[in-house]
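In what follows, a single structure is set out as structure tokens and then discussed.
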Amino acid sequence: MNYDVLTVGNAIVDAILGIQPDSPFVHLHKGEKELRIASGQKIPAESCGTFPGGNACNVAVGLSRAGIKTGLVAQMADDELANHSKRILEKEGVSLEYVTKSQGSTVLNIAINFRGDRTLFTHHVNQPHNFNLEKAKTKLLYLTSLGSEWRHIYKMIAKFVQQEGVILAFNPGSVQLGEGVDSFSYLLPLTTILFVNKEEAEIIAGEKGAVRHLLTSIQAKGPKIVSITNGELGAYAIDQHGTIYEKEAEKCSVVERTGAGDAFASGFLAAYLHGHDIDQSITWGIHNGASVIGQYGAQAGLLTKDEMEQRL
């Protein structure tokens, strides 16, 4: 089957607990960046849900809703959590042709949402990632976070991009960034669009600084287009000609921030693949991100193409 996009990364499940903002058992100390929970208590939650998670899954759903023919490249277990996720992904129109079976159980991340801030308990499972893209046909690959056994997959992606001439969109994960930029630097010259937030940008650039400076510093390492999100301050991008674009964040109510970056990336890529310029692609990304943080979970607020056009 021919695809517009194949997304490559982890497939997990997110369990999100929404705690009442006036709960006497939970206290948020923003200045100290601490969430304090009363020990030994039975704490009521105003909401609770489980959702397919992982950057690759989130972006795949966002692209599919936006009218992009999308497949997922990931490993998923054969348990009830994974089967539930598979049903949701297939309902969203995401192909599972390149999903392989993993050993063990599904990775479950638990998020506590309190007063608009999310605290995430997460872990990475050591998986062999036996992906095979030899016969894959796609216009674009979206490569993102993988667990500890990731280096051979990144090298396989580099070879595939060079041989097939496909567009590479890249969003390195926390594991990859934690092992240092040198561990994946060979991918940067092969990257058409790099998606990072400001903190990630500073790691890749190897320095702190204003976003505009980070854009040019990172582009010098090879990516043709670099996009940097900066939370409530908006989003930026530099195109292959060196032109810098800047957009303010959309003013909106925040329920929780899970998946905001993935929503931005899927909105940006959808616009790009539908033929829009970089300026409009950033706009799609910002609107998609704003919609997602207004609901629980990383996927509930992802916009369809019609919904996006109505917002604009």
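Summary table below
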| quantity | calculated |
| --- | --- |
| Within segment 11-40, tally of residues that are buried (at least 17 other Cβ atoms within 10 Å of the Cβ) and charged (D, E, K, R) | 1 |
| Test: residue in segment 179-198 that is more than 27 Å from Val292 (Cβ to Cβ), among the acidic types (Asp, Glu) and not in a helix (DSSP H, G or I) | yes |
| Residue match in segment 288-308 (condition: of a type in the set (Val, Ile, Thr), surrounded by fewer than 24 Cβ atoms within 10 Å (Cβ to Cβ), in contact (Cβ under 8 Å) with a residue 12 or more places away in the chain and more than 29 Å from Glu46 (Cα to Cα)) | no |
| Subset of segment 235-285 that is of a type in the set (Val, Ile, Thr) and within 19 Å of Ile218 (Cβ to Cβ) - its residue that is surrounded by the fewest Cβ atoms within 10 Å (Cβ to Cβ) | Thr243 |
| Subset of segment 139-153 [surrounded by fewer than 22 Cβ atoms within 10 Å (Cβ to Cβ) and more than 23 Å from Ile68 (Cβ to Cβ)] | Gly147, Ser148, Glu149, Arg151, His152 |
| Search result, residues across segment 73-82 that are in a strand (DSSP E or B) and either within 16 Å of the chain's Cα centre (by Cα) or hydrophobic (A, V, I, L, M, F, W, C) (or both) | Val73, Ala74, Met76 |
| Candidates Ala111, Ala77 - the one that is more than 28 Å from Val196 (Cβ to Cβ), in contact with a Lys or Arg (Cβ under 8 Å, 6 or more places away or on another chain) and either without any contact (Cβ under 8 Å) to a residue 12 or more places away in the chain or small (Gly, Ala, Ser) (or both) | Ala77 |
| Hits in segment 24-34 - residues which are in contact (Cβ under 8 Å) with a residue 60 or more places away in the chain and touching an Asp or Glu at 6+ places or on another chain (Cβ under 9 Å) | Leu28, Lys30 |
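Every residue, every condition in (1) over 18 Å from the mean Cα position of the chain (by Cα); (2) in a loop (DSSP other than H, G, I, E, B); (3) among the hydrophobic types (A, V, I, L, M, F, W, C), yes or no:
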{"position": "Gly71", "(1), (2), (3)": "no, no, no"}
{"position": "His84", "(1), (2), (3)": "yes, no, no"}
{"position": "Glu97", "(1), (2), (3)": "yes, no, no"}
{"position": "Thr100", "(1), (2), (3)": "yes, no, no"}
{"position": "Ile112", "(1), (2), (3)": "yes, no, yes"}
{"position": "His123", "(1), (2), (3)": "no, yes, no"}
{"position": "Asn130", "(1), (2), (3)": "yes, yes, no"}
{"position": "Lys155", "(1), (2), (3)": "yes, no, no"}
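Rule-based calculations on the coordinates, nothing more; no lab input. It should be emphasised that the depicted structure is a prediction, and the values quoted were computed from it without experimental measurement. Note: ideal-geometry Cβ built from the backbone for every residue, glycine included; neighbour counts use all protein chains shown.
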